[in-house]
Amino acid sequence: MVRTASSDSNAQLSILTVHKSKEPFPAQIATVCRILGIDIDVCWTNGLDSGSAALPYQYNASDPRPQWALKWLLKNLQHEDLEPNSPCLSFRSWLLLRELVVRVHPSKTASLLKGYKFISLVCNTLQWLYQNHDEGLSQPISEDDESMDTSSEDGNAIAGSARTSKKRRSDGTEIAPSQRTPTSALVAIDKVFLALCAAVGQLVALTRESAHIKSLTAEHTKSALRSDREEAARILGSALFLTNYLLQKPNRTSDRRKPAAWEGREHLEATAYRFCVSNTIDLWNFRSLARHIASDDDNTTRSAPIQDSPRANDMDQHAFRTHCMLPALQLLHNCREWSSPEKDMEAVTTSLEDLLITFTVLPFRASFVGTKESSQLQFTNHATPLKEDLVSALRSYHYPKLKANSSLGRGIYEAQRQALKTQNHLKITYVSLLFEIALSLRPVSKSTNSRAEDFWLEELFGQLIDCAGILMTPTSTVKAHKDFTRLVGWMLQKCVDHKLRLSLSRIQGILDQFSGFFSSNCGDTVEWSVVSLCLQIDSNAFVVPDSSGEASLSHSTRYPNKYLSALFSNISNEHFEASQNYEFLLTGIVLPLCSAFTDARDLDGFIHHWIEQISIHEERQSEKKGLSLNIPCLWQDERLLQLVAQLAESKLTPGQLDHLASSVSKGLAPSMPSTSISPSLSLASLVILDCLFAGIYQEATLKTLAETAQSVFSMLGAHLSDCLDHSLVHKWRMWRIKTTIADRWVTLRHSPLFKGSVQSAICTASEVLNRMCLGTSPDGEADWGEELFAFRFLLHVAVIEGSGTTLQFPSQTRLVSAVAKIIDMMEPFCHRISHDHFQTIKLPAYVPRWDEFDTVVKSINTLYLGCVADILISPVALSFLDAETQKRLIEQLYWFAVYQQRLSDSMPSGSIDNSWPWKMLLRAEILSEHATMTRIIRRFQIDHFLVISDFGDPKHWDMEVADYTLTFRGILEIPVQALDRHQRSKIANRVLHILLNAKLSSVAAANDHLNMLTKLLGIPNKSMEILAYETISEGKSALTNEDVALLRLAGVLDSTLAWSDDLIHCVTALERLTRRVISYLFATLDHASSTEYLQAIYHRLAEVLELGYREKKDLSSCFTAMAKELLNAYAKRRDSLSYSLGPILRTLDATRLYHLETILRQLGKSPRQWESQGAYSLKPPRQRHRLGIDLECLAGYSELLCIHPRLREISLELFGSSGLQIYLRQVSLKLQYDDTFWLKKDICGYDYLATRLAKVELLLDARDLRLHPGIPDVTRRIHYFKPTKERNNLLVSVREMMSSLGLENKKELCFENDQGRCLNYSEVYVIGMALDSLKEQEVEELRGPISRTFALLCRSLFKPVVFGDCMLSMQCISMIMQTYPRIITQWHIDNLLSAISTKASYLEKRKGEKHSSMIFTGLCRLFATILTILRTKIGGRYHLVICALQSLLRCLFIPFTATNSSHEAPSAFTENHAAAYARVLTTLCDPTVSSVTRSRYRSRPELNDETKKAKDMAGQHLPYVIMEYCDCQLKGRLLPEMKTALNPGLYAVLAVMSQEAMRTMNEAMHESARAIWKALYEDYRRFGRNGGF
């Protein structure tokens, strides 16, 4: 706290003089502050920043002025009637009080507070602020009000009494008040409240014991702050209300124009003013539990203690509900909506919830739990204290009153009306919130405790609903009912979320009042959401049939109750052609209703109701015939059919299914004599039969229903043949039923009657398909459902016939004829697409949409795609088609895909994908099964590509056209082995021609073409133009890039491609292509053409690079990348090229120098020049990419660079203190704190450049050059590379350089690490590579460094390092033990065993983590390596072995928890990890001869003695492992499969234990562990000994 010492005479004034002063109160405060050296402005700032923090204790016994000042202040704060200029409404008064209480002795402070009735003062002030918070008190304070000017009459009083000063501009003109910007961060009322809460918080801090405050003094202060319950409730309620007011204030209309006025309290809002809430809650907790009782003989009162009595609790609860409940709900609601991440906000929310639970919810629960049992509770609508208090609180809720007078403007009136609607909304929100808090007390687990809590929660549900009904003050009756219904919906949803089951009577009452089924005064709409929630809570309200029906009726045929009848009636009245409720009614009403009937074992009853509803819908459809066709029917939706089909066979017996199918099929009988049938009865029967037959799979059920299925098949066949000329909308369903019967009932295929029916159906289906009109327009809309399902029937029967059955149907011939018919119908449409060169075809008016549950086929395109999809799904059907039909089909599918590609941008979302059949046709499964089809497809693709890619004049080329794009993508996916030599050559030449002449503007397209050409060069041949060379004509004097296709290609790409992120991939593809071409030419140097072509390439390359060097021209990116590959390939093969390239070898050596000098010239600029204007400005990504290519070239010229005369200067430019490397590091560190940098993916980032620069450094250091700290510095930087790809690239470079390093470099790189820290990933990786590259003669010289590195690797296992580092360290440790065992000593083994034990203990606490199981496996392998190779170096340290084994064993067990098994901790360990641990035990108990001997030249008896000695040693110590196993069985559980895998290891331990050791172990165990040990030993005697142990 900043204190100012006064130097004038005012510092000597007495407090008594101030008390007698006639100055205004603000001036007196200023005087007191000056006397005591207190700066109020600083106090306010500190109090705002840390309102919850108590000030330090500053009591000085020799200075009585603070005590006098406190007495003076408390005396002045006493006012019976508060006014805006009262001292207690000045925030400086409370700030001064906060400062004075820490300067006065706590006991004196307590006496003064009690004497002046401080709590009553606080209560009155908060009450006044609560009552007057919206009466113009929230005006901003001006700068003059903020000052401590003593001439002001009340410089800091609340608005209304503060004087206003006139502000003027620099020119003297006055600034209007409306134009002034408030400079204070808060307004007056906010300051008073926050200052008061800060003062109260300081006093509450004095009630806690500390070094300066003793226990008695703290209790004295607490008694001074104690008040009766009513007063404490008023304080808490007012404080909660004002806190909520402050939290909402930025959202108020009057404050939206001044957002800057609230910037100063963003932190306070984020913490929900926690110190205001917590301090007033402490005052509530200090409340007195004594009540005042009037005396009989006089009017005085006396205090009677009734602590902990029921009456006292009731009074506390009543006081809280009256004054605090609603403010607490308001603040809790706003805190939840604020959703701040601050912990303080969460603490406020928790405190409010605890208050509401303690004084509202739990008393309500106790009133029922303590008096009635849940089974005997009779729910009544009586008034409870909670109900009365809640109604009273909500009625007194503050909201503006409507004033419909002439003086009030219309806009203001509407605003107040809207505010009233908002208040009504908040009321129901608070009621719902209270119910949600009560539900939080219900146990989550499905136990009897949770069900026992349901009765009082249901009663609370009912009383809250009643409260809301009493309090509704609506603007209209319909609006009131909507608000009321919204509240009911919210509370029902919370019941569903918490799985609270309400009673049947309660659900029925809700349906009567809020569903809209029966009431006529709430509008014509039905509240389907309420109905759905009631159905989820208790479906018995709908499922239980009407009890008033005839008793003779069966349960499934009894009349539905009134709720189910009303439900069906209202669903039937819905107009789905204009309704948005279709999906909700299906998924929220009908499907749950079906599941409810199924759970009640009354699926048969639901099916009867289903039939009735379908009949009703069809009758209404027939009445509206000609007006509204194709109206969706909820009861015919495919999702409902699928659900019933899944439930039918599992919920009904075969006899019930047969009876149901037989009774339903009788509805088809009347349709047999003539074509005049009953549509409603017939359609209902068809839907039910379709559903039942689709869900039958079991052989017993199929056998039972065989006769019914055959009868239905015959009836449907007769009906379809008789009604062939009639158009019925449900004929497609008949074909689907026939297809299902033909597929499922295999036994019927041997029946002559069934064969005859199938034969007749084949003829009918063929006739239906042949009657399709060839002139049908693809854009038209019609009903093609019958044709599609007739085709599916025909296809299915043909597949059955082709599977080897002896049905002798003519289905295959008919199928081929039908396919040809469909192809003929689509031929005009495909012809239009193939000849639409100017893309004039537009999107039709009707575009079919894709829906897996939609069975309506309205377009001929949909029919065609459906038929083709069925053929492709059944690949056997493709073999039925002849070659010509297959070819036509392939061409049409391709043009459909082109049609989709052209109109993809204008296609609406969810429409059918016309390219799907073409994509499916190219699948590997179909192509591998049909060789003929594959040849036709490949021939069509290649021929069409050659035709479509012949663009003619290059200026007319368009590589983005849909036809070319689709064809090229198909060619790109063809494996190169599937093409013959001639096809590969033609495609490669065409692709090269396109790359050289098309001037591709798209980088992605160029990349695809380069990849295609590179793939074709995987199997090269001389007929490819890029591998051939034409000699220079006689008229030509010199060679140019135009004569060399490879160099010409680089120039074309550089001149046409603009920058994008794909350019780096394009350059990489060009590098791969160059390597393929050069590899082929070097491999065929025995051919004269290859030698001549190679000479031409290098000759022209040398000319270009020499010209660029002499004229100081910059090289392009693609050409530089190609030159790098060409010159590096030459450098690797230089010795073998003396015969082929002898004349130009010296020229190429000079060419490499020219290229190196060109690159160094570009790199010879400072980073500042690069950033400003240099060629390598690092801001554009294209320049960074170009710099990366040049650095790659520089790495390739490392052998030339190390002998360069400017080597020292170049090293400083690259790696010096002001070089490129330091600059890249600085920029990378800056970007780490730039959020926008990480949001955008930069493929050529600074790590990209740093990796390539580090590679250059590695190559230089590999040649023993001491220009830089060396390779260790490079490897340390690997750890900081963010992209994994770049880090891996550099690690690959390190691996390549490792073999060329000398011994000293390897020692510096790998084995001279800081022994005081853990190694990171890159360092461990480099160590592993160095160990792998060591030679035998180098091992002895590095014995000491390797030993220290082993210890450092073991130390890394002690730390909780990341998964990758840990696994890599274990691999290096295992490599050293296996490769260099002579270096390992007993000290190393001790460290490693301790590390294994520590790491296993770490894993025991993190069993559920992702990589814990893999680390456990690595530890077991390390342990097994020790026992196999270095067992003799364990010595007598078996206590370390046992400790490690016990730690590993505990990881396998899942510990028991206090809750039930559903809440136990997850574990990532399986039987594989138990088996790994068992192998460790087996290796320890059954050692090999080589693992226990130190020398290989010992006699056989001695070897046997060593093995026996090792077993005896293990048997003496391993009983501790068995004891640990028994203890773990008591504390956790082992999965059965893991126990089976672990048993062999335990049996091996028991096999080496002596009987004496077993008896000793048995005596040391307690009774529970001994029982487990006994069971284990019995299993060992029964299974272990016989298993070889």
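Within the stretch 1140-1198, track down each residue that is outside any helix (DSSP H, G or I), over 24 Å from Ser1055 (Cα atoms) and either at pLDDT below 80 or open to solvent by 50 Å² or more (accessible area, probe 1.4 Å) (or both). Explain how you work it out, then say what you get.
The initial filter retains those residues of the stretch 1140-1198 that are outside any helix (DSSP H, G or I), namely 1140-1141, 1164-1166, 1173-1180, 1197.
Within this subset, residues satisfying the condition of being over 24 Å from Ser1055 (Cα atoms) are 1140-1141, 1164-1166, 1197.
If the condition is that a residue be outside any helix (DSSP H, G or I), over 24 Å from Ser1055 (Cα atoms) and either at pLDDT below 80 or open to solvent by 50 Å² or more (accessible area, probe 1.4 Å) (or both), then Ser1140, Leu1141, Gly1164, Lys1165, Ser1166 are the ones that fit.
Filtered by the rule that a residue be open to solvent by less than 40 Å² (accessible area, probe 1.4 Å), closer than 18 Å to Gln1446 by Cβ and assigned to a helix (DSSP H, G or I), the stretch 1544-1585 gives Gly1545, Leu1546, Ala1548, Val1549, Leu1550, Val1552, Ala1557, Met1561, Ala1569, Ile1572, Trp1573, Leu1576. Take Gln900 and tell me if it is of a type outside the set (A, V, I, L, M, F, W, C), under 20 Å from Gln812 (Cα atoms) and surrounded by 17 or more Cβ atoms within 10 Å (Cβ to Cβ). When the stated conditions are applied, Gln900 does not pass them. For the stretch 1011-1059, give me each residue that is modelled with pLDDT of 90 or more, of a type outside the set (Gly, Ala, Ser), open to solvent by 40 Å² or more (accessible area, probe 1.4 Å) and part of a loop (DSSP other than H, G, I, E, B). If the condition is that a residue be modelled with pLDDT of 90 or more, of a type outside the set (Gly, Ala, Ser), open to solvent by 40 Å² or more (accessible area, probe 1.4 Å) and part of a loop (DSSP other than H, G, I, E, B), then Ile1019, Pro1020 are the ones that fit. The residues of the stretch 87-128 that are surrounded by fewer than 23 Cβ atoms within 10 Å (Cβ to Cβ), among the hydroxyl-bearing types (Ser, Thr, Tyr) and not in a helix (DSSP H, G or I) amount to a single one, Tyr116.
Out of the stretch 1531-1543, which residues are assigned to a helix (DSSP H, G or I) and open to solvent by 20 Å² or more (accessible area, probe 1.4 Å)? First the steps, then the outcome.
So in the stretch 1531-1543, the residues assigned to a helix (DSSP H, G or I) come out as 1531, 1536-1543.
Correct list: Lys1531, Pro1536, Glu1537, Lys1539, Thr1540, Ala1541, Asn1543.
If only one of Leu753, Leu724, Leu668, Leu641 is open to solvent by less than 60 Å² (accessible area, probe 1.4 Å) and either at pLDDT 85 or above or among the charged types (D, E, K, R) (or both), which one is it? Explain how you work it out, then say what you get.
Working: Leu753 fails: open to solvent by less than 60 Å² (accessible area, probe 1.4 Å); Leu724 fails: either at pLDDT 85 or above or among the charged types (D, E, K, R) (or both); Leu668 fails: either at pLDDT 85 or above or among the charged types (D, E, K, R) (or both).
From the options Leu753, Leu724, Leu668, Leu641, the qualifying one is Leu641.
Of all residues assigned to the stretch 893-908, at least one qualifies as being assigned to a helix (DSSP H, G or I) and in contact with a Cys (Cβ under 8 Å, 6 or more places away or on another chain).
Only one of these is among the aliphatic types (A, V, I, L, M) and more than 53 Å from the chain's Cα centre (by Cα): Val1067, Val1077, Val1104. Name it.
Values: Val1067 fails: more than 53 Å from the chain's Cα centre (by Cα); Val1077 fails: more than 53 Å from the chain's Cα centre (by Cα).
Residue meeting the stated conditions: Val1104.
From the list Leu1073, Leu1107, exactly one residue is within 20 Å of Ser1055 (Cα to Cα), part of a helix (DSSP H, G or I) and open to solvent by 50 Å² or more (accessible area, probe 1.4 Å). Which is it? Checking each option against the conditions leaves just Leu1107.
Name every residue in the stretch 816-841 that is among the hydrophobic types (A, V, I, L, M, F, W, C), open to solvent by less than 80 Å² (accessible area, probe 1.4 Å) and either more than 18 Å from Leu769 (Cα to Cα) or modelled with pLDDT under 85 (or both), in order of residue number.
Looking only at the stretch 816-841, we keep the residues that are among the hydrophobic types (A, V, I, L, M, F, W, C), and these are 816, 818-820, 822-823, 825-826, 829-830, 833, 838, 841.
Retained after the next criterion (residues that are open to solvent by less than 80 Å² (accessible area, probe 1.4 Å)): 816, 818-820, 822-823, 825-826, 829-830, 833, 841.
Selection gives Phe829, Cys830, Ile833, Ile841.
If you scan the stretch 1485-1509, which residues turn out to be modelled with pLDDT under 70, open to solvent by 50 Å² or more (accessible area, probe 1.4 Å) and not in a helix (DSSP H, G or I)?
Start the filter on the stretch 1485-1509 by keeping residues that are modelled with pLDDT under 70, which leaves 1494-1504.
After this cut, where a residue has to be open to solvent by 50 Å² or more (accessible area, probe 1.4 Å) as well, the list is 1494, 1496-1502, 1504.
Once the filter is applied, which keeps residues that are modelled with pLDDT under 70, open to solvent by 50 Å² or more (accessible area, probe 1.4 Å) and not in a helix (DSSP H, G or I), the stretch 1485-1509 yields Arg1494, Arg1496, Tyr1497, Arg1498, Ser1499.
Restricting attention to the stretch 862-882, and to residues there that are farther than 14 Å from Ile823 by Cα and among the hydroxyl-bearing types (Ser, Thr, Tyr), which single residue is least open to solvent (accessible area, probe 1.4 Å)? Across the stretch 862-882, the extreme among qualifying residues is Ser874.
Condition first: open to solvent by less than 20 Å² (accessible area, probe 1.4 Å) and farther than 11 Å from His1388 by Cα. Now tell me which residues in the stretch 1349-1364 satisfy that.
So in the stretch 1349-1364, the residues open to solvent by less than 20 Å² (accessible area, probe 1.4 Å) come out as 1349-1354, 1356-1357.
Those that are open to solvent by less than 20 Å² (accessible area, probe 1.4 Å) and farther than 11 Å from His1388 by Cα: Ser1356, Leu1357.
The values are calculated or read from the model by the stated rules, or taken from the named source; none is laboratory data. As the structure is a computational prediction, the values presented were derived from the model and not from experiment. As a convention, Cβ positions derive from the backbone with ideal geometry for all residues, glycine included, and neighbour counts pool all protein chains shown. Accessible surface areas use protein heavy atoms only, side chains included; no ligands, DNA or RNA. Shrake-Rupley method; radii C 1.70, N 1.55, O 1.52, S 1.80 Å.
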